[in-house]
Amino acid sequence: MPEQETRNEARRRLMSGREYVGADRIDGPLLVLRKTHPVGYRELAECVDREGHTRLGMVLDTSDDAVVIQVFEGTQGLTLPGTKVRFRGRPLTLGVTEKMLGRVFDGLGRPIDGGPAPLAQEEVDVNGRPINPTSREYPRDFIQTGISAIDGMNTLIRGQKLPIFSGNGLPHNELAAQIARQAKIRGGSNDFAVVFAAMGVKHDVARYFTRSFEETGVLENVALFLSLADDPSIERIITPRTALTLAEHLAYRKGLHVLVILTDMSNYCESLREISTIRGEIPSRKGYPGYLYSDLAEIYERSGMIRGTPGSITQLPILTMPSDDISHPIPDLTGYITEGQIVFEREMSGRGIYPPVAGLPSLSRLMKDGIGEGMTREDHPHLASQLFAAYSYVKDVRNLASVIGEEELTPLDHQYLEFGEFFERKFVSQGKDEDRPIERTLELGWEALKLLPSEELHRVTDEEIETYYLGEG
Amino acid sequence: MKDRIIGRVRRVNGPVIEADGITDAQMLELVRVGESRLVGEVLKLSGDRAVIQVYEDTTGLAPRDNVYGAGMPLSLELGPGLIGSIYDGIQRPLEALRSLSGHYIESGITAEPLDRTRTWRFVPDPDLKPGAPVAGGRILGTVRETSRVEHRVLVPPEVSGTLESLVPEGDYPVDRRIAVVRTDSGTRELPMLQSWPIRIPRPVRQRRPLSIPLITGQRVIDTLFPLAKGGTVAIPGGFGTGKTMTQHAIAKWCDADIIVYIGCGERGNEMTDVLTEFPKLVDPRTGRSLMERTILIANTSNMPVSAREASVYTGVTLAEYYRDQGYHVAVMADSTSRWAEALRELSGRMEEMPAEEGFPAYLPTRIADFYERAGYMDTLSGREGSVSIIGAVSPPGGDFSEPVTQHTRRFVRCFWGLDRQLANARHYPAISWLDSYSEYLDDVTPWWEEHAGASWAGERREILELLQREVRLQQVVKLVGPDALPDSQRFVLEVCALFKNAFLQQNAFDDVDRYSSVDKQLRMLSLILVYWRRGAEAIKRGVTLVKLKQMKVLSDIIKMKFNIRDEGAAEFDKLQARLERSLDQLESIYA
């Protein structure tokens, strides 16, 4: 840390109020200015248009010759001679306070619900800072979502980042809203808050969430950051960062358990690609910039728990896979960063199964440490593993049946088909308001296994078979 | 700070900056940029301009800020105190940073990688007297670094001459002089601490051929696709196929003396997992905590991308330092794809011409340089030591034809391909027996035959052939169903299913199953092959498959991995006797 300000820094501080009139080039959301004082990288810039309206921007590239500013509210209506720019000598910050719960903001954190701006307790750089890995607390508290496909098979853990990989027209919003309504820690403190960030989603989606929060009476615990489909696409770059800045304040300063819903990350990535293309950067896959992974990591890694602080951030990003392709760069890179994924299957949805959680590609990486004795129930790990194994075999049998016909299958394979049907219709499928306790979920799992002979169950112990398969369970 | 000003910032574009007014900078010189003294490295020099990659977040850096040169390349501090530590990609101690800047890593903070206030009990080599000639790699004395690692204090590789003095046994901090050596260019005072640039391999006397397997306790690896000490292996796999789980399992249970675990661009919670879990785990060989042999390098995905580029070199340099003391070191790099992506990002920022998929043209060279730092060596100290590199690869979309996987394949001799289908069925470790290979097989066969049993190579081949046959049969089954096959062929499917269940799958969370000794592995394999040979014989004699499958002993064979411990040779004998008896009975009925 420098104790003394150097001449260069002092000059920058004095210059930070200086106003430059006239820009040299405008290209998409980028504004280029020549002959400025030395401007810092990622510094906040205020661009005033001819009507006197101030638009915020961030410095993306700075050199002796020119400064490139990314204008978050778009450059529509800006003129080269009529634009005034001021550099603030600091990065973009958000004033955060607990009072922001129950309010609605735009993507940059300015209220749009008609109320006054809440009085900030602290100003925080929205870009965040990496958490020191030694400061992290390993997440292991089971969150009961009341949804069997998640609780039983892909358990959500407090502090986890678990995205929903969905497709257009699939019920990801319903599931996210249901999780937000039902999520609880059993026997633990439930000081919770929801931070909701919408990026490029339609008005009715935003309304759906608002109404769902309203109906369950939790709206005063929810802060919404909306950058909707008709807002400038560039604003979406900053929206998740603003939302997470508030989430960090609530979690690590105020000790709340924060659930962050980010929807739709695909729109975010597209905005990023837009900027990258305009800047003429070398693209990697499908035109997305080479730093998409690092950029997404900056967002997703802002979750978890910190040693010695009571709160937590659990992230539930939603992304729609372009043409349901899980190997598309967006879901692919997301899957490499997040701690598992809930994958939706269109075919299941078509058969009327809600939630259409695909059994095999879905995964929760933190599940292993959050379930079992003392957390859920001692048979949970083996039961889940057995259900996975059996369901995976069901898929093989179905493939076989489609070739040779169901009649030709062995009796055992028929039993497996029956199991598969029960698993999808009774275990995975449930009502949009149905809140199943974990015991009920596990019970249903054993009921499904009872359709198979006990010799087929290699992954559960003999004692478990005794208690739950043969016994009353 | 004694640093001299060598130029000024001209342009800032993410982690890459341009400087001008450069007077006397060296290539790859360590520099500090701006008044917060961000650590960087000179990558290009041209006229009075330089391109510098900065290892920290450059927010706020502006043109005209000063660039300070350190006059030396980016180097590591080497000495006692490394084991059990957790560093970032440029060896900043994360524990110490936490006490300086709290839960978040701020830019521009520095701390000594090795604690200067701590003293270590140095025991000089009794055979070393003043006047003795010493050369690079000579062991001056030892320090008990952890209860299982004896740190051997070495003369730095570039120093040779006559020993003038050596301190007596006592407690010294790492930067206190312990020896004085007179060299051709004057006297050199040597503390326990030495430094070495990360991008230059430490010298050795010579490479040796590889012959000893690195025993990991993971059956599919040790038995089917063994890795040699000093060897290199790539583990490619899409997300969720268990790369990190496999790396963790090897880091926990392999028989290396020292583990260097590089978390390169991966999840923060994974490093926390290692940090919380390793100290609690006990090494089955020494009975000591696993953290007492582990060094962690954590450069998580949200930490600066250029430090990610440096982190693999940092890790392998630390490994070489312990190798030079005569240890067998295993380096886990998770994941080398993130490292390659860091190269790509930096290359893009420098506006270099891209080759495949935006990766720079020098990607294969860099990958080769990295893997070539592995090897089984005669070190300068005269002792043998090895560095094995186990690199995870994260191919986009799980597609092994992408550049990083393809180039890595060229430079490693062992390949453990992870399979999405297996992972989906929760068959872990999801190492595919069809895609994977090991070129070390012939190198390590003599060791196995000597230490486990002479039948090893033959039995291994037998089971692999069976697995190949199964693949062909499965193709038929997919078309006509299993019932169309005769019992003798269905029995192949049956044995392979048993082998996958009972042998290949290994539960990392089960207290017994997580580690299998070589003896146990061979016993398990032999037992399954007894079932195969005798069963196939029985079917020829008219025993039906249904009867074979109904043998009660089979469920015990499936569960032997959980129920029989490493030292349970007698139990294996009993199980095998039961199996043979059951088969005898069946045959007698049909005879």
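Can you give me the convex hull volume of the Cα atoms of chain A, divided per residue and expressed in Å³?
Output value, Cα hull per residue: 160 Å³.
Show which lysines lie in cross-link reach of B:Lys547 when reach means a straight Cα distance below 23 angstrom and same-chain residues fewer than eight apart are skipped.
Leaving aside lysines fewer than 8 places away in the same chain, those within reach of B:Lys547 are B:Lys500, B:Lys559, B:Lys574.
On a full-extension model of 0.36 nm per residue, what is the gain between A:Arg110 and A:Thr210, subtracting their alpha-carbon distance, rounded to one decimal in nm?
Stretched fully, the A:Arg110-A:Thr210 segment lengthens by 34.2 nm.
Can you tell me the orientation of helix A:239-248 relative to chain A, as the angle in degrees between its alpha-carbon axis and the longest Cα principal axis, to the nearest 10?
The two axes meet at around 70 degrees.
Farthest toward the dipole's positive end in segment B:456-590, which of B:Leu575, B:Leu485, B:Leu525, given Cβ charges of +1 (Lys, Arg) and -1 (Asp, Glu) about the Cα centre?
Ranked along the dipole, the leading option is B:Leu485.
Two-decimal Rg/Rh of segment B:456-590 from alpha-carbon positions, Kirkwood Rh?
The Rg/Rh ratio comes out at 0.97.
Specify which residue in the list B:Leu61, A:Val394, A:Leu457 is farthest towards the positive end of the charge dipole of the protein assembly as shown, using unit charges on the beta carbon of Lys, Arg (+1) and Asp, Glu (-1), about the Cα centre.
In the protein assembly as shown, that residue is B:Leu61.
Hey, if you drop one equal point scatterer on each alpha-carbon of segment B:108-200 and run the Debye formula without solvent, what base-10 log of I(q)/I(0) do you get at q = 0.24 Å⁻¹?
Normalising to I(0) and taking log10 leaves -1.31.
If chain B were replaced by its equivalent ellipsoid, with semi-axes equal to the square roots of 5 times the Cα gyration tensor eigenvalues, what would those be, largest first, whole Å?
In descending order the semi-axes read 51, 29, 19 Å.
Under 4 °C and 1.567 mPa s, how fast does segment A:380-470 diffuse according to Stokes-Einstein, given a Kirkwood radius computed over C-alpha pairs? Answer in µm²/s, whole number.
94 µm²/s
With only alpha-carbon atoms in the gyration tensor, what are the semi-axes of the equivalent ellipsoid for segment B:26-170, in Å, largest first?
Values for segment B:26-170, descending: 36, 22, 11 Å.
If Rh is defined by the Kirkwood formula over all Cα pairs and Rg also comes from Cα, what ratio Rg/Rh do you get for the protein assembly as shown?
0.99
If you add up the charges near A:Leu226, with Lys and Arg at +1 and Asp and Glu at -1, over every other residue whose beta carbon is less than 12 angstrom from its beta carbon, what do you get?
Counting the neighbours of A:Leu226, the net charge comes to 0.
Give me the number: length gained by fully extending A:Glu122 to A:Asp433, i.e. 0.36 nm times residue separation minus the C-alpha to C-alpha distance, one decimal in nm.
108.1 nm
Other chains' Cβ within 10 Å of B:432-439 residues: what's the mean?
0
Rounded to the nearest 0.05, what FRET efficiency do B:Leu45 and B:Asp184 have when you use their Cβ-Cβ distance and R0 = 45 Å?
Taking R0 as 45 Å, the efficiency between B:Leu45 and B:Asp184 is 0.90.
Which whole-percent values make up P(r) of segment A:95-370 when all C-alpha to C-alpha distances are grouped in 10 Å steps starting at zero?
7, 31, 39, 20, 3, 0
Between A:Ser276, A:Gly114, A:Thr79, whose Cα lies farthest towards the positive end of the dipole of chain A when Lys and Arg beta carbons carry +1 and Asp and Glu beta carbons carry -1, centred on the Cα centre?
A:Thr79
For segment A:94-253, what is the relative contact order in percent, using Cα pairs closer than 8 Å and at least 6 residues apart in sequence?
Once normalised by length, the contact order is 35 percent.
Looking at segment B:527-591, which GluC sites (Glu not before Pro) are in a loop (DSSP not H, G, I, E or B) and have at most 14 other Cβ atoms within 10 Å?
Sparse-neighbourhood loop GluC sites (Glu not before Pro): B:Glu567.
In whole angstrom, how far apart do the alpha carbon centroids of segment A:358-405 and segment B:296-344 sit?
Their Cα centres are 35 Å away from one another.
Mind checking the dipole of segment A:237-354: about its Cα centre, +1 per Lys or Arg Cβ, -1 per Asp or Glu Cβ, Debye to the nearest 20?
380 debye
Using +1 on the beta carbon of Lys and Arg, -1 on that of Asp and Glu, and nothing else charged, what's the dipole of the protein assembly as shown about the Cα centre, debye to 20?
Computed charge dipole of the protein assembly as shown: roughly 1720 debye.
Got the relative contact order for segment A:7-91 handy, in percent, Cα pairs under 8 Å and 6 or more residues apart?
Worked out over segment A:7-91, it gives 39 percent.
Could you tell me the distance between the Cα centroids of segment A:250-267 and segment A:48-82, to the nearest Å?
Segment A:250-267 and segment A:48-82 have Cα centres separated by 30 Å.
How big is Rg to Rh over segment B:4-72, alpha-carbon atoms, Rh as the Kirkwood inverse-mean-distance radius?
Taking Rg over the Kirkwood Rh, I get 0.90.
Which residues in segment B:269-292 have a backbone N closer than 19 Å to a point placed 7 Å from the Cα of B:Asp511 along the Cα-to-Cβ line?
Only B:277-290 pass the distance filter.
Add -39500 (n - 2.57) for each DSSP H run of 4 or more in chain B, then divide by its residues: what number comes out at 222 nm, to the nearest 500 deg cm²/dmol?
Helices in chain B give a 222 nm mean residue ellipticity of -10500 deg cm²/dmol.
For segment A:1-154, what log10 I(q)/I(0) values come out of the Debye formula at q = 0.10, 0.14 1/Å, with one point per alpha carbon and no solvent?
Normalising to I(0) and taking log10 leaves -0.53, -0.85.
Can you check what the net charge comes to around B:Arg293, using other residues whose Cβ is under 9 Å from the Cβ of B:Arg293 (Lys, Arg +1; Asp, Glu -1)?
-1
Please state the charge dipole magnitude for segment A:7-91, taken about the Cα centre, from unit charges on C-beta atoms (+1 on K and R, -1 on D and E), reported in debye and rounded to the nearest 20.
420 debye
If you take every residue apart from B:Ala111 with its C-beta less than 15 Å away from the C-beta of B:Ala111, what net charge results, scoring Lys and Arg +1 and Asp and Glu -1?
Summing Lys and Arg as +1 and Asp and Glu as -1 gives -2.
What would the Debye formula give as log10 I(q)/I(0) at q = 0.10, 0.12, 0.26 Å⁻¹ for the alpha-carbon point model of segment A:7-91, no solvent?
Treating every Cα as an identical point scatterer, log10 I(q)/I(0) equals -0.20, -0.28, -1.39.
If exposed GluC sites (Glu not before Pro) are those in a DSSP loop with at most 11 other Cβ within 10 Å, what is the longest stretch of chain A that has none?
Value returned for the longest uninterrupted segment is A:52-372.
Can you tell me the mean projection area, over all orientations, of the convex hull of segment B:206-435's alpha carbons? Units nm², please.
Dividing the Cα hull surface by four gives the mean projection, 12.4 nm².
What is chain B's relative contact order, in percent, from Cα pairs under 8 angstrom and six or more apart in sequence?
13 percent
Relative to the compact globular guide of 2.2 N^0.38 Å, what is the alpha carbon radius of gyration of segment A:421-473, as a ratio?
1.22
Please report the spacing between the Cα centers of segment B:93-145 and segment A:444-465 in Å, no decimals.
55 Å
What number, rounded to the nearest 500 deg cm²/dmol, is the helix-based mean residue ellipticity at 222 nm of chain A, given -39500 (n - 2.57) per DSSP H run of at least four residues and division by all its residues?
That calculation yields -8500 deg cm²/dmol at 222 nm.
Show me the helices of chain B, taken as full DSSP H stretches, that run 24 Å or more along their long axis by Cα and average -1.0 or above in Kyte-Doolittle hydropathy.
B:305-324, B:456-480, B:518-540, B:569-590
Laboratory data are not the source of any read-out in this text; all were calculated from the coordinates shown. Model, not experiment: these values are computed from the prediction. No Cβ is skipped: glycine too gets one built from the backbone with ideal geometry, and neighbour counts run over all protein chains shown.
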